[in-house]
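J.: Okay, here's the structure, questions in a sec.
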Amino acid sequence: MTRPIVILRPAPGGSATAERVRAAGLDPILLPLFAVAPLDWTPPDPAAFDALLLTSANAARQAGAGLARIAGLPVLAVGPETADAAAQVGLRVIECGSQGVAALLARLPGNQRLLWLAGRDRTAVDHPAVRMTIAVYANNAIGWTPEQAAQLPGTVAMVHSARATRQLAAQLDAHRIPRASVRIAAISARAADADGHGWDRVALAGEPSDAALIAAAQRLAIDP
């Protein structure tokens with residue numbers, strides 16, 4: 001038996017992941033835990049910065065009209081999906097990482113001045129180059145109906161963040177579904193450990209990318 005893969009990401013990222021899961025020969029189930037919404041924000045003087053740091057495609061998609069004032073700044077993108085989203089709104093990407101934000105920032109000279117456009121709920125980035133952080137979008141948690149939650153037992157859930165793991169656990173607990181009925185493929189050890197243990201099985205992505213996370217989910221999808 002091959003287990004279905006539950007995709008917890010909000011749109012439009014969740015739909016893109018679902019297509020990649022289908023291409024890998026697996027059956028996706030879209031059950032987002034969050035809905036993305038833009039936030040009001042005021043762009044600062046671009047002269048105070050050397051570049052923009054984007055760690056999520058949603059920052060580019062949701063930043064809106066405020067981007068116009070700072071669009072002349074080049075972009076450091078955490079990965080290909082974020083780089084593509086930045087390019088689609090007219091930003092110029094000069095660096096694209098593949099191993100996470102820490103590895104991306106480690107390549108920078110020490111005198112760089114970065115403006116980080118981020119989500120409201122985010123993991124802190126401790127690096128001297130990040131001179132200012134502005135939240136331009138929010139991932140608002142949404143609850144599942146009993147019918148949606150009932151699809152979880154016997155599946156592999158893909159978690160892209162520690163917050164997603166905590167929200168997944170909360171939804172399972174709220175609907176009295178044992179965690180032991182679900183396997184999780186996690187983007188990182190931090191995401192896997194975000195809400196304790198009790199899962200049927202856990203697999204970690206080899207690197208912080210959608211492709212690596214799907215590969216981890218594929219390993220778990222094959223019983224036993």
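J.: Distance from a point 7 Å along Cα→Cβ of Ala212 to each backbone N in region 65-79: keep the residues under 12 Å and list them by number.
T.: Under cut-off, by backbone N: 79.
J.: Whose amide H sits under 5 Å from the amide H of Gly97, counting only residues 5 or more places off or on another chain, with H placed in the peptide plane?
T.: Ala77, Val78, Gly79
J.: Using a 7 Å offset from Cα along Cα-Cβ at Asp121, what residues in region 191-211 end up with backbone N under 17 Å from the label point?
T.: 191-196, by backbone N distance to the label point.
J.: What length, rounded to one decimal in nm, is gained on full extension from Val89 through to Thr133, with 0.36 nm per residue of separation minus their alpha-carbon distance?
T.: 13.8 nm
J.: Out of Gly64, Gly25, Pro74, whose Cα points farthest toward the positive end of the dipole of region 1-124 (charges: +1 Lys, Arg; -1 Asp, Glu; placed on Cβ)?
T.: It is Gly25, whose Cα lies furthest towards the positive end.
J.: Continuing with this model, one more query. Could you work out the equivalent-ellipsoid semi-axes for region 39-138, taking the square root of 5 times each eigenvalue of the Cα gyration tensor, largest first, in whole Å?
T.: 18, 15, 14
All of the numbers you see were taken from the coordinates with simple rules; none came from a lab. Worth saying up front: this structure is predicted, and the values here are computed from it rather than measured. When we count neighbours, we look across all protein chains shown, and the Cβ atoms used for this are built from the backbone with ideal geometry, even at glycine.
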